[in-house]
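These notes concern the structure reproduced below.
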Amino acid sequence: MVDLRDLAVPVVAAPMAGGPTTPELVVATNNAGGMGQLAAGYLTPERVASDIAAVRAGGVETFGVNIFVPEAEPVDREAVARYRDHILEYAASLGVDLPTADELGDDDDHFDAKIALMCDERIPFVSFAFGCPSPDVVSELRRHGCSVGVTVTTADDAVLAAGTGADWLCVQGPDAGGHRSVFDRRTEPPTQPLNDLVRAVRARVELPMVAAGGVATPERADRVRSLGPVAVQVGTVLLRTHEAGTKPAHASALADAARTETVVTRAFSGRPARALRNRFIDRFDGAAVAEYPAVNTLTGGLRRAAAADPDGINLWAGTGFREAVVESASDTVRRLG
């Protein structure tokens, strides 16, 4: 089985679902000596298989795929209906017909099929977000040669992941861009600083750690790795690279001097996620409900209609967003290694 401690450059590219992570980004990361990860979230198994084939066609064999763990609690449709009422007028202004709350139920994002695909393809690294897979799932993946990682935001979650048989942990601090990987979507995301979180996890779990959240400069990367993690994971700093599939409006917003603040919001998906503050967040965050994946589906049409408007889409970004520059992802990874 492969081991993250063997990376030539101790940098892992975050699996950024929704478009930013591309096979080309994974290949560029690996060409620099790091390790790239495909994002399986929101994709069909067939599309994930196509992306895997594209990475391998690029000459890369040692890479990862990230999968969302299905929600443990069912969607509260009444809460979704209340949020729908709040955004109905805005949707009408965009000419978007919103699905009804009854049409927005639970969705496991093809979890079983994606696990089977990982096993069939013998993916070297399989990581999970939004929860901890069952011991049976971990065991099956490991039986097929997959090294299993779980994204955690607390030391307690790290202990749980270790107990399921995980091989490594992605330890995510509060400065991370995009979704916080809390196991319970209805809890508030922890604010324990990454350095302290790494120390807390290390005191209770002996698994190799990849540290994530706000790592955007060589100095910060070195400092975090000095605490014990075998690598750092970076995402926001890759969003403007040539190989990323970031929406143009999103990439431009990262360099917009007028945008100075990131906030954690549930307005777009129902799960807490860090983004550049914009008008959509200002208008709807207060009414947002913790009902992923229903809220994510509810707002999907709005985000597609406003794809060119930075004030209408989810501008996922960590606190180090100013360090994102236009260059090859290989150059970014080498600099942080």
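The values are calculated or read from the model by the stated rules, or taken from the named source; none is laboratory data. All values derive from a computational prediction rather than experimental measurement. Cβ atoms come from the backbone with ideal geometry, glycine included; neighbour counts cover every protein chain shown.
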If I ask for residues that are buried (at least 21 other Cβ atoms within 10 Å of the Cβ) and of a type in the set (Val, Ile, Thr), which ones from segment 251-277 would you list? Thr262, Thr265
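Assess whether Arg225 counts as being touching a residue at least 12 places away in the same chain (Cβ under 8 Å), under 22 Å from Ala329 (Cβ atoms) and of a type in the set (D, E, K, R).
Working: touching a residue at least 12 places away in the same chain (Cβ under 8 Å): yes; under 22 Å from Ala329 (Cβ atoms): yes; of a type in the set (D, E, K, R): yes.
For Arg225, the condition - touching a residue at least 12 places away in the same chain (Cβ under 8 Å), under 22 Å from Ala329 (Cβ atoms) and of a type in the set (D, E, K, R) - is met.
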Which pairs turn up if I take residues in segment 1-20 that are under 18 Å from Pro229 (Cα atoms) and surrounded by fewer than 17 Cβ atoms within 10 Å (Cβ to Cβ) and look for partners that are of a type in the set (Gly, Ala, Ser) and modelled with pLDDT of 95 or more with beta carbon separation below 6 Å, at least 6 apart in sequence or on another chain? Ala8/Gly33
Just name the residue that is surrounded by the fewest Cβ atoms within 10 Å (Cβ to Cβ) out of those in segment 228-250 that are in contact (Cβ under 8 Å) with a residue 40 or more places away in the chain, more than 18 Å from Gly34 (Cβ to Cβ) and more than 17 Å from the chain's Cα centre (by Cα). Pro248
Go through segment 126-173 and report how many residues are free of Cβ contacts under 8 Å to residues at least 60 places away in the same chain and either of a type in the set (Asp, Glu) or farther than 22 Å from Val2 by Cβ (or both). 12
When you scan segment 182-196, how many residues do you find that are surrounded by fewer than 20 Cβ atoms within 10 Å (Cβ to Cβ) and assigned to a helix (DSSP H, G or I)? 2
Within segment 291-332, residues being buried (at least 20 other Cβ atoms within 10 Å of the Cβ), under 19 Å from Ala176 (Cα atoms) and of a type in the set (A, V, I, L, M, F, W, C) number 7
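Table: residues versus (1) without any contact (Cβ under 8 Å) to a residue 12 or more places away in the chain; (2) of a type outside the set (S, T, N, Q); (3) within 30 Å of Glu103 (Cα to Cα); (4) in contact with a Cys (Cβ under 9 Å, 6 or more places away or on another chain).
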{"residue": "Asn30", "(1), (2), (3), (4)": "no, no, no, no"}
{"residue": "Tyr42", "(1), (2), (3), (4)": "no, yes, yes, no"}
{"residue": "Ala54", "(1), (2), (3), (4)": "no, yes, no, no"}
{"residue": "Pro70", "(1), (2), (3), (4)": "no, yes, yes, no"}
{"residue": "Ala91", "(1), (2), (3), (4)": "no, yes, yes, no"}
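Restricting to segment 4-35, what's the tally of residues that are of a type outside the set (A, V, I, L, M, F, W, C) and either in a helix (DSSP H, G or I) or in contact with a strand residue (DSSP E or B) (Cβ under 7 Å, 6 or more places away or on another chain) (or both)? Give the steps one after another, and end with the answer.
Let us first name the residues in segment 4-35 that are of a type outside the set (A, V, I, L, M, F, W, C), namely 5-6, 10, 15, 18-24, 29-31, 33-34.
Now drop any that are not either in a helix (DSSP H, G or I) or in contact with a strand residue (DSSP E or B) (Cβ under 7 Å, 6 or more places away or on another chain) (or both), which leaves 5-6, 10, 15, 21, 23-24, 29-31, 34.
The number of residues fulfilling the criteria is 11.
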What's the number of the only condition in (1) assigned to a helix (DSSP H, G or I); (2) touching a residue at least 12 places away in the same chain (Cβ under 8 Å) that Arg47 fails to meet? (2)
Counted residues in segment 267-291 being closer than 21 Å to Gly173 by Cα and touching a Gly at 6+ places or on another chain (Cβ under 8 Å) come to 4
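Among the residues of segment 260-279, what is the count of those that are in contact (Cβ under 8 Å) with a residue 40 or more places away in the chain and not hydroxyl-bearing (Ser, Thr, Tyr)?
Filtering segment 260-279 down to residues in contact (Cβ under 8 Å) with a residue 40 or more places away in the chain leaves 262, 264, 268-276.
Now restrict to residues that are not hydroxyl-bearing (Ser, Thr, Tyr): 264, 268, 270-276.
Summing the residues that are in contact (Cβ under 8 Å) with a residue 40 or more places away in the chain and not hydroxyl-bearing (Ser, Thr, Tyr) in segment 260-279 gives 9.
For segment 287-301, name all the residues that are of a type in the set (Gly, Ala, Ser) and not in a helix (DSSP H, G or I).
Residues satisfying the conditions are Ala288, Ala290.
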From Ala216, Ala203, Ala221, residue being in contact with a strand residue (DSSP E or B) (Cβ under 6 Å, 6 or more places away or on another chain) and not hydroxyl-bearing (Ser, Thr, Tyr): Ala221
Is there a residue in segment 258-276 that is more than 18 Å from Arg322 (Cα to Cα) and hydroxyl-bearing (Ser, Thr, Tyr)? yes
Selected residue [in contact with a Ser or Thr (Cβ under 9 Å, 6 or more places away or on another chain) and farther than 25 Å from Gly33 by Cβ] from Gln192, Gln172: Gln192
Are there strands (runs of 3 or more DSSP E) fully within segment 197-286 with at least 1 residues that are more than 26 Å from Ala307 (Cα to Cα) and among the hydrophobic types (A, V, I, L, M, F, W, C)? List them. 209-212, 231-234
Of all the residues that make up segment 315-333, how many are aliphatic (A, V, I, L, M), assigned to a loop (DSSP other than H, G, I, E, B) and in contact with an Asp or Glu (Cβ under 7 Å, 6 or more places away or on another chain)? 0
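Residues that are β-branched (Val, Ile, Thr) and either in a helix (DSSP H, G or I) or closer than 30 Å to Pro218 by Cβ (or both): does segment 303-314 have at least one?
Taking segment 303-314 as the starting set, the residues that turn out to be β-branched (Val, Ile, Thr) are 313.
Keeping just the survivors that are either in a helix (DSSP H, G or I) or closer than 30 Å to Pro218 by Cβ (or both) gives none.
Looking through segment 303-314, none of the residues is β-branched (Val, Ile, Thr) and either in a helix (DSSP H, G or I) or closer than 30 Å to Pro218 by Cβ (or both).
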